[in-house]
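Colleague: Here it is: the structure, laid out below.
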């Protein structure tokens, strides 16, 4: 049985890496061929094979079913009148309200190209079955209440996210959460005043009660997070303190909370079952009931659903007296979770939760003495260390000690909060003072632990092979005494220690003359950010925008790559011009990495400032860098730093947002642009605006490849169709980051110039 469950898990894992879903006919053929093979070639492994194939085909069909509900690309930037229900608590951030909207009916209002009467569009509309929208409301005129029935005028688009190396896969997240389109509210056409919010309405009422009782924002945020799963009121500083103290998992409803509530239901059922033998199954039933109610009140997000399924499987196996050991129950729970959400196998939370439960099961089978709680916390830290290093490249050293106090503290707090919320609807107060003291005690514990300089250790991301070896070392330490000598674990941790020691200092070694040019044009939406690398030398050209929420495109798109590649220093940085979509993330860059020198076309009034004047040039290894223009012009766009990078065989031209007049002046001054042949890669001026990329410019540069760094369905219509048509007429290969994801540029030792894209290199069926 266990081998078959492993085969099922592996089947789901393989399906998650499929570049495209297997068609229904293909699934049928594979299933029939597998059955025929199993029938004519009998083997003890046939059951394992059938389980693997079944999981693979099921996950593919699940993906196909979910994608069939997605808004088609042909309906991009379309306007609709939709009616439905606000199904969850809306998030409010920087004056923007975001919420999930369950669709009852949709009526197309307008398409951008006016083709809504075409037979193709009519066919799409007849087959359309959008279930859930994720909407933003940028100028809210009134409050939205969960459970409210609304009629909205919206502009929507298919699910889409940034695709960059080591970046967050937003499209996968949307698919897992069954969100079929995203967009924004143009107008609230109508809404009902009578609210029948169900669970969502109850959560809203509970949040309001909590807001009335707390003046301190982070106290309120903690209580809301523990009861309704609402986390929007935590500040960035709060999250940082929770990370440093190792208590994030306590402030976010997870398997620990669901398990604790299930345990309460179990003991309540045990007390009642004493009254009569007929109530044998009551502890199991109440355990599931309590956990299910708590899951719903907490928002029924994917992590809480996963925890509930685990509780349900364990309790059901006990109730029905399945004679399977606890490890088989663990495998069964894992398989059930994957059946409900096949792509969970790629989620960080999936690995953390199941590995943590596995370790707890392992510890429960070992002899535990009076100091067992302390020992388990430290062993959990040790056992989870490889995963923490792989996913976060960091670990909280104070977590074991803090959790010994914080876990029972929050367990008591959850019970007290539940009682207070229940009686508050009757204007009764029992334990308000106790609740506030427990909340204050928790934050005091977090503040004290996070204040220690050594509390949080940030490491360089180790290679996967080093992680696997360290995991073997951790396993040796976790084995019972006498199994294997504990000192052997040291040898398995040595590669990890050596890897960290190697990456502690900044690399200042000279770049060899044989080094070649490579670059990444990141997919950052509407903006620009490019990393140029020559050996150990790195240059960042622009940062992308800053958002109203306070985050930046650099943190979302570029920083994950720099962290994974262990890049701690930028020898040069270029800020092309003073527009938010190009330099909005500068402050975030300064916090994340060390910068040697900054070139800019505007006054930074700081220690880095150096003008990117025409004629400034330098050489790194075998690669030449030269500014063709910059720091002069009537407007910010025309002052852009224009940088040419060339290794003799391949060249990259970064013109910022210059217009046709500056393009003409550069061509007039630099007739030698094509001395070494045409420009290999040209990042289009101003994201492909009609004001740039003139015929004169294209003739002078003769780009083999042109890259448009533009946002998906952006409001500026970049790149403009005229510009795209013009560039194709010159024979250039066209790439648009919104369609291709990050674009990788590379020159090899033979002087060959290659261009690859993220969406093509790492193609997945959901994007």
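Since every read-out is calculated from the coordinates, none of them should be taken as a lab result. It should be emphasised that the depicted structure is a prediction, and the values quoted were computed from it without experimental measurement. We place every Cβ from the backbone using ideal geometry, glycine too, and count neighbours over all the protein chains shown.
Colleague: Calculate the translational D of region 115-207 in whole µm² s⁻¹ from Stokes-Einstein, where the hydrodynamic radius comes from the Kirkwood formula applied to all Cα pairs, the temperature is 10 °C and the viscosity 1.306 mPa s. All intermediate terms of the calculation are to be shown ahead of the outcome.
Modeller: Values: Rh = 15.9 Å.
Roughly 100 µm²/s, to the nearest whole number.
Colleague: Then there is this: State the dimensionless ratio Rg/Rh of region 2-67 (Rg: radius of gyration of Cα atoms; Rh: Kirkwood radius). Could you put the intermediate results ahead of the total?
Modeller: Values: Rg = 12.0 Å, Rh = 12.1 Å.
Answer for region 2-67: 0.99.
Colleague: Ok, one more. So, in Å, what gap is there between the alpha-carbon centers of region 198-248 and region 50-90?
Modeller: 30
Colleague: What is the ratio of the Cα radius of gyration of region 221-312 to 2.2 N^0.38 Å, where N is its residue count, to two decimals?
Modeller: 1.27
Colleague: Starting with the fewest neighbours, write out 191, 617 ranked by other beta-carbon atoms found within 10 Å of each beta-carbon.
Modeller: Starting with the residue having the fewest Cβ neighbours, the order is 617, 191.
Colleague: Please arrange 646, 166, 691, 576 by counting, for each residue, the other beta carbons lying within 10 Å of its beta carbon, fewest first.
Modeller: Values: 646 21, 166 14, 691 17, 576 30.
If I rank by nearby Cβ atoms, fewest first, I get 166, 691, 646, 576.
Colleague: What value does region 22-154 have for Rg/Rh, both radii from Cα atoms and Rh as Kirkwood defines it?
Modeller: When Rh is taken as the Kirkwood radius, the ratio is 1.19.
Colleague: What FRET efficiency do you get for residue 173 and residue 378 if R0 is 35 Å and r is their Cβ-Cβ distance, rounded to the nearest 0.05?
Modeller: With a Förster radius of 35 Å, E is 0.60.
Colleague: I would also like to ask the following. Sorting check: for 343-355, 62-74, which peptide has the highest mean count of neighbouring beta carbons within 10 Å, and how do the rest follow?
Modeller: 343-355, 62-74
Colleague: Also, quick follow-up: Given the DSSP H assignment, sum -39500 (n - 2.57) over each helix run of at least 4 residues in the chain and divide by its residue total; what's the result at 222 nm in deg cm²/dmol, nearest 500?
Modeller: -14000 deg cm²/dmol
Colleague: A follow-up question, please. Please list 48-58, 404-414 highest first by mean number of surrounding beta-carbon atoms within 10 Å per residue.
Modeller: The peptides rank, most packed first, as 48-58, 404-414.
Colleague: Volume per residue, Å³, of the convex hull around the alpha-carbon atoms of the chain?
Modeller: Once divided by residue count, the hull of the chain is 217 Å³.
Colleague: Something else about it: Cα centroids of region 717-741 and region 97-137: how far apart, whole angstrom?
Modeller: Taking the Cα centre of each part, region 717-741 and region 97-137 sit 27 Å apart.
Colleague: Something else about it: What is the fewest-to-most order of 362, 330, 322 by other Cβ atoms lying within 10 Å of their Cβ?
Modeller: The fewest-first ordering by Cβ neighbours comes to 322, 362, 330.
Colleague: What's the ranking of 26-34, 456-464 by average number of surrounding C-beta atoms within 10 Å, highest first?
Modeller: Ranked from most to least packed, the peptides come out as 456-464, 26-34.
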